[in-house]
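The structure appears below as structure tokens.
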Amino acid sequence: MRRSLGWLCLGILAASGAVQAQTANTPVSAELVQTLLHRIDMLEKRVAELEGKGAPAPPPVAAAPPAFPVGHDHEVEMAGQSIPSGPLMKVAGFGDFNFSGTDQRGTRSGFNEGQFTLHTTSVLSPRVTVFGEVTLTARADAGATTGGAPAAPGFNAELERLLIRFDQSDYFKVSFGRYHTPINYWNTAYHHGQWLQTTVSRPEMTQFGGRFIPVHFVGGLVEGALPAGGLNLNYNVGLGNGRGPILSRGGDSGDSNNHKAWLVNLFSKPDRFFGLQAGGSAYRDEVNVGPRVFNEWITSGHVVWHKETPELIAEVANVNHTEVGRPGSFNSQAYYVQFAYRLPWAKQLWKPYYRWEYIHIPRTEPVFAGVPSLAGSLVGIRYDITSFAAIKMEYRNQRRPGLPRINGGFLQTSFTF
Amino acid sequence: MRRVLILLWLWVAALVPSAAADIAVVVNPGVPVNDLSFAEMRKVLLGDRQFWSPNLKVTLLIRAPVARERDTVLKTVYQMTEAQFRQYWIGKVFRAEAAGGPRIIYSNEEATQMAASMPGSIAFVDAAQVPKGLKTLKIDGKLPGEAGYRLH
């Protein structure tokens with residue numbers, strides 16, 4: 001027993017020596033080595049305890065030679081294998097599975113696979129981090145076509161976010177990449193993590209694939225947080241490609257014109273009211289609709305009470321389109337208010353919720369042609385099966401101008417893994 | 001009379017601040033901070049403040065579940081349940097607001113040793129178990145055991 005524990009300690013010491021040599025030139029390595037040394041100390045004490053009080057301590061850590069030869073700067077050679085010593089990427093996943101049934105004509109009730117989301121985080125240095133988000137979404141038309149046949153059902157892959165960020169300090173961080181546009185609370189609070197949000201679905205104004213608010217933004221972003229006397233003022237300032245040729249998509253492979261989109265987002269999380277967040281943003285772009293060119297101004301605001309007893313999220317946005325060279329402008333508004341409350345009974349696993357939402361788009365609005373106005377509400381309850389999975393049951397009622405009212409029932413299980 | 005004296009003693013004992021019941025906020029000696037307001041400490045714990053200074057990042061050390069130190073921090077500072085705390089950090093990383101969550105530690109001894117050796121680290125340990133030489137932060141100008149100290 002004593003001998004095997006001794007070998008165990010020696011092995012750990014040797015491994016720590018190799019790791020130390022492998023990453024000795026990086027700031028992260030010092031922290032890692034300290035952690036390993038500490039672990040060794042703990043193990044040594046445990047060994048001493050097991051062997052009886054007063055047992056002699058193992059030899060000092062620094063005296064231990066490495067158990068295997070150390071390669072060059074970027075590789076560690078171990079038992080004939082070559083292990084790359086690149087940045088360590090952490091992966092987290094989100095998924096959901098749904099059942100829905102509505103009284104809308106032409107629709108069928110049934111199961112839907114929802115989205116499979118992978119989120120990656122990779123620390124390149126203490127100040128530089130890469131974040132990514134990839135989704136696979138079940139679609140009726142995602143498969144390949146052959147010989148003019150209609151597209152087959154399948155999964156649509158999408159790079160939702162990919163950004164590299166340099167953190168100078170809490171006050172100043174700069175990044176480049178593809179983002180969820182930070183002009184809307186929901187868009188950046190929950191991304192594609194259905195499990196994170198209380199409800200089954202996103203509000204219509206920020207729906208993926210929707211046109212009201214540009215969900216994605218490709219470019220650069222400067223962000224940070226200033227104490228501001230306890231107001232904790234957070235900011236995002238961005239410059240990038242605006243909407244792409246298809247309005248619901250960002251300009252991934254280039255902008256559709258030479259006018260870059262810019263945005264400013266400010267919000268406060270005051271010390272005095274822990275749980276409160278309030279702010280607003282402005283977004284400016286030029287969009288092309290066929291040969292016509294429009295200036296786009298989006299202004300929005302939000303108030304959020306983060307705690308769950310109660311939880312309150314309210315957002316409002318106005319989208320203004322003015323055609324270049326022609327008089328007149330069009331204003332479209334959207335808002336929603338969501339209220340939820342984590343019940344104190346039954347181990348606090350139940351959380352009923354309600355949301356009212358509204359979208360008004362003028363009938364003659366040329367950029368949002370085909371996007372109907374909406375008034376609707378939903379009520380539901382969330383049950384947390386574990387700390388990492390939930391079941392949500394929801395009833396929705398929606399009304400669009402000139403169309404029959406739609407009622408629907410939705411059931412979702414969502415989780416992180 | 002004896003019963004009255006015992007009750008009186010218990011009452012006085014309850015009023016006298018006890019450092020042993022308080023949770024001390026200990027940091028690596030290289031951290032250039034001696035005093036934090038409660039709100040500033042909350043920002044550190046929430047991951048909203050990630051730098052002590054431009055050249056020193058915060059490393060947050062939190063006890064594993066069930067530990068009294070963790071329960072106190074969750075209840076007093078985060079004001080969250082265990083499930084809310086987990087969801088908070090998963091969401092924080094998912095939103096790209098932090099590269100990772102707090103480091104989990106399994107004993108007060110481990111916490112103090114890590115805090116002593118790891119640059120920028122901050123840990124929460126039973127005030128009675130803080131070894132000499134480790135830096136204990138004042139919270140709102142108060143140390144553990146002083147009247148008005150909020151972490152207990």
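Any read-out appearing in this document is the output of simple, stated calculations on the displayed coordinates, not a laboratory observation. Just so we're clear, the structure is a prediction, and the values are computed from it rather than from any experiment. When we count neighbours, we look across all protein chains shown, and the Cβ atoms used for this are built from the backbone with ideal geometry, even at glycine.
Under a cut-off of 21 Å between alpha-carbon atoms, report the lysines in cross-link reach of residue B:43, not counting same-chain residues fewer than 8 places apart.
Hits, sequence-local ones excluded: A:173, A:269, A:307, B:57, B:75, B:92, B:135, B:138, B:142.
Can you sort B:57, B:142, A:347 from fewest to most other Cβ atoms within 10 Å of each residue's own Cβ?
A:347, B:142, B:57
Rounded to whole Å and ordered largest first, report the semi-axes of the equivalent ellipsoid of chain B derived from its Cα gyration tensor (root of 5λ).
31, 18, 14
Around residue A:374, what is the net charge, scoring Lys/Arg as +1 and Asp/Glu as -1 over all other residues with Cβ under 9 Å from its Cβ?
Numbers: positive: A:399, A:400; negative: A:204, A:357.
Charge balance near residue A:374 sits at 0.
What are the ³J(HN,Hα) couplings of the range A:367-375, residue after residue, when phi is run through the Karplus curve with 6.51, -1.76, 1.60 and θ = phi - 60°? Round to Hz, x for glycine and proline.
6, 9, 4, x, 8, x, 5, 7, 9
Classify the range A:115-214 from the C-alpha gyration tensor, please: rounded if a/c falls under 1.5, else prolate or oblate depending on whether a/b exceeds b/c.
Values: a/c = 2.49, a/b = 1.70, b/c = 1.47.
It comes out prolate by the Cα gyration axes.
Take every residue in peptide B:86-95, count the Cβ atoms of other chains within 10 Å of its Cβ, and give the average of those counts.
6
As an exercise, use a Förster radius of 60 Å and the Cβ-Cβ distance of residue B:56 and residue A:149 to find the FRET efficiency, rounded to the nearest 0.05. Can you show the working numbers first?
Numbers: r = 62 Å, r/R0 = 1.03.
It comes out at approximately 0.45.
Taking a point 7 angstrom from the Cα of residue A:333 along the C-beta vector, which residues in the range A:277-295 have backbone N less than 20 Å away?
The answer is A:279-283.
Considering the zone a paramagnetic label at residue A:309 would reach in this model (a point 7 Å from Cα along the Cα-to-Cβ line), which residues of the range A:381-400 have amide N under 12 Å from it?
Under 12 Å, as judged by backbone N against the label point of residue A:309, lies no residue of the range A:381-400.
Tabulate in residue order the Karplus-calculated ³J(HN,Hα) for the range A:324-340, using 6.51 cos²θ - 1.76 cosθ + 1.60 with θ = phi - 60°, rounded to whole Hz; enter x for Gly and Pro.
With the stated coefficients, the range A:324-340 comes to 5, x, 10, x, x, 9, 10, 10, 10, 10, 8, 8, 8, 9, 10, 10, 9 Hz.
Can you pull the Rg over Rh of the range A:239-285, Cα-only, Kirkwood?
Rg divided by Rh gives 1.23.
Between residue A:157 and residue A:111, how high is the FRET efficiency from 1/(1 + (r/R0)^6) when r is the Cβ-Cβ distance and R₀ = 22 Å? Nearest 0.05.
Efficiency, from the Cβ-Cβ distance: 0.55.
Residues of A:157-167, mean number of Cβ from any other protein chain within 10 Å of their own Cβ, rounded to a whole number?
Mean partner-chain Cβ count within 10 Å for A:157-167: 1.
Per DSSP helix of 4 or more residues, -39500 (n - 2.57); summed, then divided by the residues of chain B. What does that give at 222 nm, rounded to the nearest 500?
-10000 deg cm²/dmol
Taking other Cβ within 10 Å of each residue's Cβ, how do A:354, A:283, A:190 sort, fewest first?
Ordered by Cβ neighbours within 10 Å, fewest first: A:354, A:190, A:283.
Whole-Hz ³J(HN,Hα) for each residue in the range B:132-146, computed from phi via Karplus 6.51 cos²θ - 1.76 cosθ + 1.60 with θ = phi - 60°, x for glycine and proline: what do you get?
Once θ is set to phi - 60°, the couplings for the range B:132-146 become 5, x, 8, 7, 9, 7, 7, 10, 6, x, 10, 9, x, x, 7 Hz.
Taking other Cβ within 10 Å of each residue's Cβ, how do B:95, A:399 sort, fewest first?
A:399, B:95
Could you tally the net charge around residue A:408, taking each other residue with its Cβ under 10 Å from the Cβ of residue A:408, Lys/Arg +1 and Asp/Glu -1?
Residues close to residue A:408 contribute a combined charge of -1.
Whose amide H sits under 5 Å from the amide H of residue A:306, counting only residues 5 or more places off or on another chain, with H placed in the peptide plane?
Placed amide hydrogens put A:276, A:277 under 5 Å from residue A:306.
Averaged over A:406-413, how many beta carbons belonging to a partner chain fall within 10 Å of each residue's beta carbon?
Shielding by partners across A:406-413 averages 0.
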